[in-house]
Each structure stands twice: as C-alpha cells, then as structure tokens.
Amino acid sequence: MKFSFFKSIRTHLILLVLLSILPALGIILYSGFERQLNDKREAEKASARVLHDLAEDHENAVQSTRALLATLSRTPEVQNQNGPGCGKILADLLKQNPLYAQHCCSQSRRDGVCQRSALSRLQRTSSKILPGRGEVA
C-alpha cells in the first residue's frame, strides 16, 4: 500500500512551510517567556527598593519621635506633671505639626496629666487638617 499523500508537490510545500515556521515560532515563544521572567525580576527589584525606602522612612520617623519624646520629657511642665502647662506645650506642638495629634502626657494609661480641653479645642478648630481624628486621650 503506497501513500499517495506524501507524493504530491502540494503536500511537500506545506510541510516545508510548516518546518520553516517552527524555528521562528520557537524564538517568539522563548523571547516571550524570557521577557516575562525579566519583567518579574524588575518588578521584584522595584518593590524591594520601595519597601527599603519605606522602612527607612519609618525608621527616621521613629527616631525623630523618640527624640521629640526625649526632649518633651525634660521640660519642667512634663517633669512636674503640670497639666495646663503640658497641654499648652502639646497644643503648640499640634499647631506646628498635625502628625503628633495622638500624643498626650500621662502617668499611666488611664490617668491623663495634660488638659484634654486645650487639645480637643485645637482639634475641633483644625478638623480640616485632621479629618476623622478622635479626641486625644
């Protein structure tokens, strides 16, 4: 039994075209996978840089807050637990930097030394700066 399918010129040309397309198709697929892998590596590097910068900024914020608290702890108003004086200092601090809205002097978690009224009044007047902030405790 002879196969006449492989004897025609048309079949030979189709096979030749298909065989000539295969290397190009392989190169296209390989370069696509390689590019996808490269893009993934670049995204990982970029996210690592962002996370590193974020961690660095956080560490700087912690250090500056630590320095601020150390400085505040040396003021006579805080050392003598002078509520009105401490409230005035914190109100002035809040005017200068709204990021410190949650600071309050206290002897323990429940016993606040500073005057809430000065801070609460300031927060009500600066509600445009600090939307959604609760009362300082």
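Within 10 Å, count the other beta carbons around each residue, average over each peptide in 22-29, 70-77, 82-89, and list them highest first. The partial results should precede the final answer.
Working: 22-29: 9.8, 70-77: 12.2, 82-89: 18.8.
Averaged packing, sorted descending, gives the order 82-89, 70-77, 22-29.
Between Ile9 and Ile28, the simple spin-label model (points 7 angstrom out along Cα→Cβ) gives 2.9 nm. In this rough spin-label picture, where each label sits 7 Å from Cα along the Cβ direction, the Leu54-Ala67 distance is 2.5 nm. For the range 36-46, backbone phi angles converted through the Karplus equation (6.51, -1.76, 1.60; θ = phi - 60°) give residue-by-residue couplings of 4, 5, 5, 4, 5, 4, 5, 5, 5, 5, 5 Hz, Gly and Pro being listed as x.
The local environment of Lys45, defined by Cβ-Cβ distances under 14 Å, has a net charge of -1 under the rule Lys, Arg +1 and Asp, Glu -1. Within the shell defined by Cβ-Cβ distances under 14 Å, the residues around Asn60 carry a net charge of -3, with Lys and Arg each +1 and Asp and Glu each -1.
Any read-out appearing in this document is the output of simple, stated calculations on the displayed coordinates, not a laboratory observation. As the structure is a prediction and not an experimental result, all values here were calculated from the model. Here the Cβ is made from the backbone with ideal geometry for all residues, glycine too, and neighbour counts use every protein chain on show.
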